[in-house]
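Q: Dropping the structure in here first, questions after.
The values are calculated or read from the model by the stated rules, or taken from the named source; none is laboratory data. Please read these numbers as outputs of a predicted model, since none were measured by experiment. Note that each Cβ is placed from the backbone with ideal geometry, even for glycine, and that neighbours are counted across all protein chains shown.
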There are 2 protein chains.
Amino acid sequence: MNIATKPEIILTGDRATGPLHLGHYVGSLQQRVLLQSQHQQTILVADMQGLTDNAHNPAKVSSNILNVVADYLAVGIDPDQTTICLQSQLPALAELTMYYSNLVSIARLERNPTVKTEIQSKGFDRSIPAGFLTYPISQAADITAFNATLIPVGDDQLPMIEQTNEIVRKINHLANKKVLTECRPLLSNAPRLPSTDGKNKMSKTMGNTINLGASEQEISAAVKAMYTDPNHLRVQDPGQVEGNVVFTYLDAFHQDKNTVEQLKSQYRHGGLGDGTTKKILEECLQELLRPIRHKRAEYLNDKAQLLAILKRGSQTSKEQTEQTLLDVKAVFGLNIF
Amino acid sequence: MNIATKPEIILTGDRATGPLHLGHYVGSLQQRVLLQSQHQQTILVADMQGLTDNAHNPAKVSSNILNVVADYLAVGIDPDQTTICLQSQLPALAELTMYYSNLVSIARLERNPTVKTEIQSKGFDRSIPAGFLTYPISQAADITAFNATLIPVGDDQLPMIEQTNEIVRKINHLANKKVLTECRPLLSNAPRLPSTDGKNKMSKTMGNTINLGASEQEISAAVKAMYTDPNHLRVQDPGQVEGNVVFTYLDAFHQDKNTVEQLKSQYRHGGLGDGTTKKILEECLQELLRPIRHKRAEYLNDKAQLLAILKRGSQTSKEQTEQTLLDVKAVFGLNIF
């Protein structure tokens, strides 16, 4: 991972629209555990952003807030090192969004490639909720409110960084001095983990993910149903490793890279059955997820503690973000009291 | 005026983008002075809405906030009867706007006739700032935050009431109970006062308005330049009263309706010069504006007092609007602390 060595202000987060899964673990959670000791890291539980396309089913968001916090703690995110806060507890984020909205045109929002793709995939077209089209402005509010300098992202989210920095430059230009700080992306080197069916995007409704809180039986069933090489019909036949989800997961999760390379070689030559590779993968995932599931359940058993952690982090974040709001209001001459 | 007799919660306000003028006096200020003793009235100084099309020239807004408050007080709005508050001091309004934005589509916003007209007149097209296209959502946040039941509007603003009530119904439907209250328009019976040039919309840059703080000389010059009947070349000629701005202003401001009718009759028959009608109108406007100008200047001489009034009203309004915010957050399940 391309982690900067000097301390940075890192903002990261998740839409609270479902429990976190192995894709999050590989794509961001492991990195956050590493980053927290070196940097000033804040994780935003993005409940308001989660509502931008779930306003008519808000329980999808509200019921997942504490799940997501429990996921964080279970994988080793330490609330004494990382500030964990809730977006809807930070009014300055909404206020900054309002101010920035006057600096970004509808045409600019419609050109955002990430939003374009999401509009298509959700079938929104012009029926897109205003809050969904404008969420890149809200993300810019999140990032700048914390004066974040480094944003862990996938390459599909680079347009968000660009949009944020455009707003930063406009505010600084209006102020004729540096008020806000531009941010840089921290691109993850971890390849994107495929869904267990090897085809679709990971989604709870597709049942093609393995949640961090998955039971032993769920893990077992998910691995058994995993996509391999459809042409690898008999054990003795040569099989294909590329696009074989079992091997991608072994690459991601098996501790011993040599063992994985030997398995790949044997699979390619023939003589290694999918039952065997799946058994090896299942053991490895059961071992990884057993302590996480256990801790997660413990945390969820003590919701008062989860709420206290979220409240404490939100209070710290409230003070930080309101300072930025005051600075931005001053740019517009609205620091009148 | 079609003023309801039972006490209502009234929300009204002005974009703080310039000092108020005779058009505001006739169209809304007089009515507010009447309403304040019977109803619970709040006036919102809409600085954030003023920025939606002035973000690159924010001083146009910030420099006019206290001017507008002084205008209110000078015409007789009593801060002990009417709550005067500043939009940017009420974070709940921005937060409500974010929640409501998820319930309104871009297509719906683009169909709003008022916004359509304004987009055309400002030449925005797709370069329209996001904050400008979405300002009807922000207005719905303003209205509902105060649980306002009665909104004084011109008929061109009826689409705003409709948009607000659509959001109210969606929130109540989601909650499966009444959380927000629908509002009704209070249409002013006063005809719209034309600009002094009789052609364009009143605007500071066109120099075709008479501000409440206009000096004697400014009033005199504005009346002298006023549009009359371009075909009324000689005193003895018959003249036209309809579309003659001097007579429209006499109708609006002269205390003695009989005198105005006699003047009209004489003008129609011939024998009454524009110099004479303008002299009568000028006297009448000088008399109306002299005490207003005087009080306005006194208030502006004591900015600390103006700020204190605005701060007190904003504090009262903050408590009211945050209660509504809590109610709406509960609908989305986000009342978790």
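Q: If you take just the strands (runs of 3 or more DSSP E) that sit entirely in the stretch B:1-105, which of them hold at least 2 residues that are under 30 Å from A:H56 (Cβ atoms) and at pLDDT 95 or above?
A: It comes to B:9-15, B:40-46.
Q: Separate question: Quick check: is even one residue across the stretch A:140-153 buried (at least 24 other Cβ atoms within 10 Å of the Cβ), closer than 17 Å to A:G50 by Cβ and either of a type in the set (K, R) or within 18 Å of the chain's Cα centre (by Cα) (or both)?
A: yes
Q: Filter the stretch A:100-127 down to the residues that are in contact with a Lys or Arg (Cβ under 8 Å, 6 or more places away or on another chain) and at the interface with another protein chain (Cβ under 7 Å from one of its Cβ atoms), then identify the one that is surrounded by the fewest Cβ atoms within 10 Å (Cβ to Cβ).
A: Restricting to residues being in contact with a Lys or Arg (Cβ under 8 Å, 6 or more places away or on another chain) and at the interface with another protein chain (Cβ under 7 Å from one of its Cβ atoms), the top hit is A:A107.
Yes/no per residue for (1) under 13 Å from the mean Cα position of the chain (by Cα); (2) within 14 Å of chain B (Cβ to nearest Cβ); (3) surrounded by fewer than 24 Cβ atoms within 10 Å (Cβ to Cβ); (4) closer than 30 Å to A:V328 by Cα:
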| site | (1), (2), (3), (4) |
| --- | --- |
| A:I10 | no, no, no, yes |
| A:V26 | yes, no, yes, no |
| A:V33 | no, no, yes, no |
| A:I84 | no, yes, no, yes |
| A:S88 | no, yes, no, yes |
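Q: Out of (1) within 14 Å of chain B (Cβ to nearest Cβ); (2) within 27 Å of the chain's Cα centre (by Cα), what's the single condition that is false for A:E298?
A: Checking A:E298 against (1) within 14 Å of chain B (Cβ to nearest Cβ); (2) within 27 Å of the chain's Cα centre (by Cα), the one that fails is (1).
Q: Something else about it: Any residue that is within 7 Å of chain A (Cβ to nearest Cβ), more than 17 Å from the chain's Cα centre (by Cα), crowded, with 23+ Cβ neighbours inside 10 Å and at negative phi - is there at least one of those in the stretch B:60-72?
A: No, the stretch B:60-72 contains no residue that is within 7 Å of chain A (Cβ to nearest Cβ), more than 17 Å from the chain's Cα centre (by Cα), crowded, with 23+ Cβ neighbours inside 10 Å and at negative phi.
Q: In the stretch A:147-174, which residues are touching a residue at least 60 places away in the same chain (Cβ under 8 Å) and under 15 Å from A:I9 (Cβ atoms)?
A: Residues satisfying the conditions are A:N147, A:A148, A:T149, A:L150, A:I151, A:P152.
Q: Any residue in the stretch B:318-337 that is in contact (Cβ under 8 Å) with a residue 40 or more places away in the chain and either in contact with a Cys (Cβ under 7 Å, 6 or more places away or on another chain) or of a type in the set (D, E) (or both)?
A: The answer is yes; a qualifying residue exists.
Residues checked against (1) among the small types (G, A, S); (2) on the phi < 0 side of the Ramachandran plot:
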residue: B:D78; (1), (2): no, yes
residue: B:L103; (1), (2): no, yes
residue: B:K116; (1), (2): no, yes
residue: B:G123; (1), (2): yes, no
residue: B:A140; (1), (2): yes, yes
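Q: Any chance the stretch A:138-153 includes a residue that's assigned to a helix (DSSP H, G or I) and within 11 Å of chain B (Cβ to nearest Cβ)?
A: yes
Q: Give the residue that is nearest to the other protein chains (Cβ to nearest Cβ), with candidates limited to residues of the stretch B:301-337 that are more than 25 Å from the chain's Cα centre (by Cα) and polar (S, T, N, Q).
A: The residue in question is B:N335.
Q: Are there any pairs with C-beta distances below 6 angstrom linking a residue in the stretch B:24-49 that is within 20 Å of B:S203 (Cα to Cα) to a residue that is basic (K, R), with the two at least 6 apart or on different chains, and if so which?
A: Partner pairs satisfying both residue conditions: B:A46/B:R15; B:Q49/B:R15.
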